[in-house]
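Report on the following structure.
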Amino acid sequence: MRDSFGRDITYLRLSVTDRCNLRCRYCMPEEGCSRKQHDEILSFEEIVRAVRYCSELGIIKVRITGGEPLVRKNISSLCNEISKIEGIEEVCLTTNGTLLPSLAGSLRDAGVGRVNISLDTLSPDKYRMITRLGNLSDALAGLRAALDAGFTVKVNAVLIGGFNDSEIPDLASLTMKYPLDLRFIELMPMTNGFGAEAYIKSDVVLEMLPELQEEDSDGVARRFRLPGAKGRIGLISPVSDMFCSSCNRIRITSDGYVKPCLHCADEHCIKGLDDAAMRAVLREAILSKPACHAALSAERSSNAGRFMNEIGG
Ligand code: SAM
Ligand code: SF4
C-alpha cells in the first residue's frame, strides 16, 4: 500500500518481546525494561493475524526483532507460521546472536532466510562493557552457527566515537574472512547516555578504509567492498543522512502498537481488536506515516517516546 507521500510500504519490523538477555547501553536502561505481563503483549495468534492483514496491505518482508527475539518462547514456530502467510516473501531476524547456537537450525527450518547479528566490538572486555551482561564468545558462537546453518548473514555494528572507531579495520576484516555483510550504523540518540563525542558520522569508515570500493546503495545502506573481500561493508546513516524519503517500513511493538515512524511518538493500538478493526487500524497507521521525522543529534534526542528494545530497532 502507498502511504500519503507516495512511498510503497512493503516492510514490517515486528517486535515479539521487549525482554532481552543483554542490556546494551544505547538501547535500554541498566535495570532492564518494565516486565510486561503475558496478556500485555501480542499473542502468537494476534501476531499472525496482524501479519496476514499487513500482507493484504502490501507487506512482503517481515523482520522479527525485539528486545531479543530469541528469548521469546517457541520463536521458531512463530517464524514458521509467519513464513507460511500468503504474500510474505521474506522472513528475517535481527538478534544479538547469543542464543543462535541452539536455535539456528530450527529457525532455518522455519523459513527464516537471513539473520542480522549485532556485534559492536571484537574485544571481550568492550563487549561486556557495552552490553553490560554479555560474553563476546557467545555472540561469536552465534555468528558461526548462523553461517553453518546456511543463513545469509549481516553483522550490525553501532559506531560509537571513543569506543569502537579504532576497531573499524578489525571489524571490516570480518568481510575478508566470512561471506557476510558488515554494516556500520550511526548511533541514534535514544537513551541520552552518551556525550557528543560518541556521535560520529559513518563517513569516518571511508576515512579509515580508503581502499573501499563503492558498489551501490539499497536506499538505506551505501555499500562498499574491500578488495578481494567475500562480503560487503554497508554504511547506514540515520543521523547524518536521514533516509525518510525512501522509508518503506512500519513497526509493530510487542505490546501491540503500530509505529509508522521509529522517531515519532505516534502509535496505533491493535491489541485486542477484532479482524475488521485491526485491518482498519493498520491501514490508518500507514496513511498517517509522516513525510519525515525531526533531525537527530547529540543534543536532540529521538521523539520515539520509548527505549529501542521496546520498539524493535
Ligand atoms: N536484540 C536484537 C539485536 O540486538 O540485534 C534485536 C533488537 S535491537 C533493538 C535491533 C538493532 O537496533 C540492533 O542492531 C542494535 O544495535 C540497534 N540499536 C539499538 N539501539 C540503537 C541506537 N541507539 N542507535 C543505533 N542502533 C541501535
Ligand atoms: Fe538487547 Fe538488542 Fe537492545 Fe542489545 S540492542 S539490549 S541485544 S535488544
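The values are calculated or read from the model by the stated rules, or taken from the named source; none is laboratory data. As the structure is a prediction and not an experimental result, all values here were calculated from the model. Because the Cβ atoms are built from the backbone with ideal geometry, glycine has one as well, and the counts that use them run over all protein chains shown. Calculation scope for accessible area: heavy atoms of the full protein, side chains included, ligands and nucleic acids excluded. Shrake-Rupley method; radii C 1.70, N 1.55, O 1.52, S 1.80 Å.
Expressed in nm to one decimal, what extension gain is obtained for the pair residue 300 and residue 173 from 0.36 nm per residue of sequence separation less their Cα-Cα distance?
Values: separation 127, 0.36 × 127 = 45.72 nm, distance 3.34 nm.
Full extension from residue 300 to residue 173 adds 42.4 nm.
Rg and Dmax in Å for region 11-311, alpha carbons only: what are they?
My reading of the Cα-based Rg and Dmax gives 18.5, 55 Å.
Kindly write out, for region 21-27 in residue order, the coupling ³J(HN,Hα) from the Karplus curve 6.51 cos²θ - 1.76 cosθ + 1.60 (θ = phi - 60°), rounded to whole Hz, with x marking Gly and Pro.
3J(HN,Hα) across region 21-27, in whole Hz: 8, 10, 9, 4, 5, 8, 10.
Work out the length of the dipole vector of the chain about its Cα centre, built from +1 on the beta-carbon of each Lys and Arg and -1 on the beta-carbon of each Asp and Glu, and round it to the nearest 20 debye. Present the calculation step by step, with values, prior to reporting the outcome.
Working: 39 positive and 42 negative charges, 73 e Å.
Using Cβ point charges on Lys, Arg, Asp and Glu, the chain gives about 360 debye.
What shape does region 87-146 take by its C-alpha gyration tensor, where a ≥ b ≥ c are the square roots of the eigenvalues and a/c under 1.5 counts as rounded, a/b above b/c as prolate, and the rest as oblate? Could you put the intermediate results ahead of the total?
Values: a/c = 3.30, a/b = 2.17, b/c = 1.52.
The shape class here is prolate.
For the chain, what is the relative contact order in percent, using Cα pairs closer than 8 Å and at least 6 residues apart in sequence? Don't skip to the answer; put the middle values down first.
On the way: 676 pairs, mean separation 70.6, N = 313.
Reported as a whole number, the value is 23 percent.
Using the Karplus curve 6.51 cos²θ - 1.76 cosθ + 1.60 with θ = phi - 60°, work out ³J(HN,Hα) for each residue of region 257-263 in order, rounded to whole Hz, and write x for Gly and Pro.
10, 7, 10, x, 9, 4, 9
Using a Förster distance of 35 Å, how high is the FRET efficiency between residue 38 and residue 8, based on the Cβ-Cβ distance and rounded to 0.05? Intermediate results must be reported in sequence, preceding the final value.
Details: r = 35 Å, r/R0 = 1.01.
Rounded to the nearest 0.05, the efficiency is 0.50.
Using the charge dipole of region 11-311 (Lys, Arg: +1 at Cβ; Asp, Glu: -1 at Cβ; taken about the Cα centre), state which of 245, 77, 278 has its Cα farthest towards the positive end.
Selected residue: 77.
Placing one identical point scatterer on every Cα of region 64-112 and ignoring solvent, what is log10 I(q)/I(0) from the Debye formula at q = 0.23, 0.26, 0.32 Å⁻¹?
The calculated log intensity ratios at q = 0.23, 0.26, 0.32 Å⁻¹ are -0.79, -1.00, -1.39.
What is the local net charge at residue 221, summed over the other residues whose Cβ is closer than 12 Å to its Cβ (Lys, Arg +1; Asp, Glu -1)? Walk me through the numbers before you get to the answer.
Numbers: positive: 154, 183, 222, 223, 232; negative: 181, 186, 214, 215, 216, 218, 241.
Overall, the nearby charge balance is -2.
Volume per residue, Å³, of the convex hull around the alpha-carbon atoms of region 205-297? Before the final figure, lay out the partial values.
Working: hull volume 12.7 nm³, N = 93.
Once divided by residue count, the hull of region 205-297 is 136 Å³.
In region 1-49, which GluC sites (Glu not before Pro) fall in coil by DSSP and have 13 or fewer other Cβ atoms within 10 Å? Let's see the in-between values first.
Values: sites: 30, 31, 40, 45, 46; in loops: 30, 31.
Counting only loop positions with at most 13 other Cβ atoms within 10 Å, the GluC sites (Glu not before Pro) in region 1-49 are 30, 31.
Please state the relative contact order of region 193-241 as a whole percent: Cα pairs under 8 Å, 6+ residues apart? Walk me through the numbers before you get to the answer.
Values: 52 pairs, mean separation 14.6, N = 49.
Worked out over region 193-241, it gives 30 percent.
Using only helices, what value at 222 nm comes out for the chain when you add -39,500 (n - 2.57) per DSSP H run of length 4 or more and divide by the total residues, to the nearest 500 deg cm²/dmol?
On the way: 10 runs with 85 residues, N = 313.
Calculated mean residue ellipticity at 222 nm is -7500 deg cm²/dmol.
Which one of 193, 107, 134 has its Cα pushed farthest toward the positive end of the charge dipole of region 11-311, where Lys and Arg give +1 and Asp and Glu give -1 at the Cβ?
107
In Å², and per residue, what accessible area does region 11-311 have when probed at 1.4 Å with the other protein chains present? Please list the in-between numbers first.
Values: 12380 Å² over 301 residues.
With all protein chains present, region 11-311 gives 41 Å² per residue.
Heavy atoms only, probe 1.4 Å: what % of the accessible area of region 11-311 goes to carbon and sulfur, would you let me know? Walk me through the intermediate numbers first.
Details: 6010 of 12380 Å².
After summing per-atom areas, the C and S share lands at 49 percent.
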